[in-house]
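J.: So that we are looking at the same thing, I have put the structure below in structure tokens.
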Amino acid sequence: QVQLVESGGGLVQAGGSLRLSCAASGMIFRINGMGWYRQAPGKQRELVADITYGGTTNYADSVKGRFTISRDNTKNTVYLQMNSLKPEDTAVYYCNLRSVLAAYWGQGTQVTVSS
């Protein structure tokens, strides 16, 4: 069983920064990639950023230039540095892990950006 534990969410003013962390543990076999998704009230869950085991990154257009995803393969941990936050970034952020066998989700962490 794989567990994903997220941390770092909270309330911040527009223009501020937050750093999310997600640590994976358990029986992990051949990770292909890890990433962050978010879901705002009344909206579908969407990809924010993703990073492969080899380090290739992918970002949603709405966060390019503001968010940075990084990963520590030795700790099975992925980070999301979020700068210049906007009220429209408000959502529950979910960590995702993709292995050759399955995909796993964290419990989510709330990010609220006040105007």
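J.: Can you tell me which of Asn83, Asn58 is open to solvent by 40 Å² or more (accessible area, probe 1.4 Å) and free of Cβ contacts under 8 Å to residues at least 40 places away in the same chain?
T.: Values: Asn83 fails: free of Cβ contacts under 8 Å to residues at least 40 places away in the same chain.
Testing whether each residue is open to solvent by 40 Å² or more (accessible area, probe 1.4 Å) and free of Cβ contacts under 8 Å to residues at least 40 places away in the same chain leaves just Asn58.
J.: So how many residues does the range 86-107 have that are assigned to a loop (DSSP other than H, G, I, E, B) and surrounded by 18 or more Cβ atoms within 10 Å (Cβ to Cβ)?
T.: 2
J.: Oh, and also: For the range 32-45, which positions are surrounded by fewer than 19 Cβ atoms within 10 Å (Cβ to Cβ) and either acidic (Asp, Glu) or closer than 23 Å to Asp89 by Cβ (or both)?
T.: Within the range 32-45, Gln39, Ala40, Pro41, Gly42, Lys43, Gln44, Arg45 meet the criteria.
J.: Give Val5, Val48, Val78 a once-over and let me know the one that is surrounded by fewer than 19 Cβ atoms within 10 Å (Cβ to Cβ), among the hydrophobic types (A, V, I, L, M, F, W, C) and part of a strand (DSSP E or B).
T.: Val5 is the lone residue from the list that is surrounded by fewer than 19 Cβ atoms within 10 Å (Cβ to Cβ), among the hydrophobic types (A, V, I, L, M, F, W, C) and part of a strand (DSSP E or B).
J.: Residues in the range 24-31: is at least one open to solvent by 40 Å² or more (accessible area, probe 1.4 Å), out of contact with any helix residue (DSSP H, G or I) (no Cβ under 9 Å at 6 or more places or on another chain) and among the small types (Gly, Ala, Ser)?
T.: Yes - at least one qualifying residue is present in the range 24-31.
Listed here are the residues, each with its yes/no results for (1) charged (D, E, K, R); (2) closer than 25 Å to Thr56 by Cβ.
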residue: Gly8; (1), (2): no, yes
residue: Leu11; (1), (2): no, no
residue: Ser17; (1), (2): no, yes
residue: Leu20; (1), (2): no, yes
residue: Ala24; (1), (2): no, yes
residue: Arg30; (1), (2): yes, yes
residue: Trp36; (1), (2): no, yes
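J.: Among (1) surrounded by 14 or more Cβ atoms within 10 Å (Cβ to Cβ); (2) within 25 Å of Gln1 (Cα to Cα); (3) touching a residue at least 40 places away in the same chain (Cβ under 8 Å), where does Arg71 come up short?
T.: (3) is the only condition that Arg71 fails.
The values are calculated or read from the model by the stated rules, or taken from the named source; none is laboratory data. Values in this document were obtained by computation on a predicted structure and should not be read as measured data. Neighbour counts are summed over all protein chains in view; Cβ atoms, including those assigned to glycine, are modelled from backbone coordinates with ideal geometry. Only protein heavy atoms, including side chains, enter the accessible area calculation; ligands, DNA and RNA are left aside. Shrake-Rupley method; radii C 1.70, N 1.55, O 1.52, S 1.80 Å.
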